[in-house]
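A short write-up of the structure that comes next.
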Amino acid sequence: MTDDARITTRPAGPLMVTGGIPVVRKRPVHSEHGEPMTWQTSEPLIDGDVYALCRCGHSGNKPFCDGSHKAEGFDGAETADGSRYADRATELGGTGLTVHDDRSICVHAGFCGTRVTNVWKQVAGTDDSAVRMAVINEIEKCPSGALTYRFDGDDEDTEPALPRQVGVVDDGPLWVTGGIPVVTSDGVELEVRNRVTLCRCGQSGNKPLCDGSHTAAGFTDA
């Protein structure tokens, strides 16, 4: 990977990835109750410096672009406002840490809870270290970074150590990790974050970011 690693959207077209960023499959591992527990990572799908990833949802060579956006008349208008996570997120509270949540970028991956509880219910019980550890574990597996936490006394959120790569989530978004810059087609660089999820079904109302629309749209690419 080179220092010019970045992802740039093309007007009504694909995501152009430069700088030799590896692309891998990211698959959730589920419990017997259907609860996502952790992520499984495949070997890289491609070895190259520049490639195009589909964001219209119609490519016959997913996750890569095959030009289908032209035949489908893909609009691709980018509506993400470019604001910072800190300005959008709601403070949920906590003991020993503070949890924040930005629903606008949630992709509904499901790591934020189990069949009996979830982060929003657990926050009030984080005075118990076992609950606090469970909340941290759930938040660190959130692909979009919609949920974050910050230990008391810290000025920055604590983030998991994630590689610089693009993860192709089964039937879901592109999961960009490791602080890779994302630039819109009009040259606006979005806030660089450790975890970002980009739409590849073509249906998000917050392009180029994913807003979870792939589920309702019935998007498939496992």
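What follows is calculated from the coordinates using simple rules that are stated; it is not laboratory data. These numbers come from a predicted model, not from an experiment. All Cβ positions, even for glycine, are placed from backbone atoms using ideal geometry, and neighbour counts span all protein chains on display.
What the table shows:
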quantity	calculated
Single residue of V107, V135 found to be in contact (Cβ under 8 Å) with a residue 24 or more places away in the chain and either part of a helix (DSSP H, G or I) or among the small types (G, A, S) (or both)	V135
Of all residues in the range 200-222 being of a type in the set (A, V, I, L, M) and surrounded by 13 or more Cβ atoms within 10 Å (Cβ to Cβ), the one that is farthest from V107 (Cα to Cα)	A217
Lone qualifier among G205, G167, G172 - being assigned to a loop (DSSP other than H, G, I, E, B), touching a residue at least 60 places away in the same chain (Cβ under 8 Å) and either touching a strand residue (DSSP E or B) at 6+ places or on another chain (Cβ under 9 Å) or among the hydroxyl-bearing types (S, T, Y) (or both)	G172
Only listed residue being free of Cβ contacts under 8 Å to residues at least 24 places away in the same chain, assigned to a helix (DSSP H, G or I) and surrounded by fewer than 20 Cβ atoms within 10 Å (Cβ to Cβ), chosen from A124, A86	A86
Residue check, T38 in contact with a strand residue (DSSP E or B) (Cβ under 8 Å, 6 or more places away or on another chain), surrounded by fewer than 18 Cβ atoms within 10 Å (Cβ to Cβ) and either among the aromatic types (F, W, Y) or outside any loop (DSSP other than H, G, I, E, B) (or both)	yes
Search result, residues across the range 184-199 that are in a strand (DSSP E or B) and either on the phi > 0 side of the Ramachandran plot or crowded, with 16+ Cβ neighbours inside 10 Å (or both)	R195, V196, T197, L198
